[in-house]
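Have a look at the structure below before the remarks.
Coordinate-derived values only; no laboratory data. Here the structure is a predicted model, which means the values were calculated and not measured. Neighbour counts are summed over all protein chains in view; Cβ atoms, including those assigned to glycine, are modelled from backbone coordinates with ideal geometry.
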Amino acid sequence: MCNLLKRMLKGCAFALLVALAGGALAQDRGAAKPSAVGRWQTIDDKTGKPRAVVRIYEINGAYQGQIEQVFYEPGERKSGLCERCPPPQQGKPMLGLTILWALQADGSGRGYQGGRILDPANATVYKCKMWLDESGNALEVRGFIGFTGALGRTQRWQRVS
């Protein structure tokens, strides 16, 4: 009788363990990892005010971003074209302008590297890397020159719906 009871308890404990493990695995599969894909509000370095909304998307494992909306300052010239930009962006409309391209996920789950970023304000293309904060609602975007990334600047973009 005791042996039978022990076997039943072991069986119940094993079944409970399997059920808990299965639930944890199912929960892990359902949890979405944060991604840079989405809409991001940029902030002007000089004024601290919103400057644009950029949509980042993924195509065949590469991430790129286009300007979706521009916030102009009062009295600012609004030609709507990137007149000073280098080719192929030169003369193209600001809305829809690709300013991020060729970024690849770095394997950390939150970082991207190896791409380029265009700053339409000074018509310069920089190397680019970016990384999400833990919440997935802020994106640090660094444009830089050189190999190490030591010479450059970082902006913090906020996710928008």
Can you put 154, 42 in order of Cβ neighbours within 10 angstrom, beginning with the fewest?
154, 42
Taking neighbour Cβ counts within 10 Å as the exposure measure, how do 126, 112, 63 sort from fewest upward?
126, 63, 112
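Return 161, 79 ranked ascending by Cβ neighbour count within 10 Å, so the fewest neighbours appear first.
In increasing order of surrounding Cβ atoms, one gets 161, 79.
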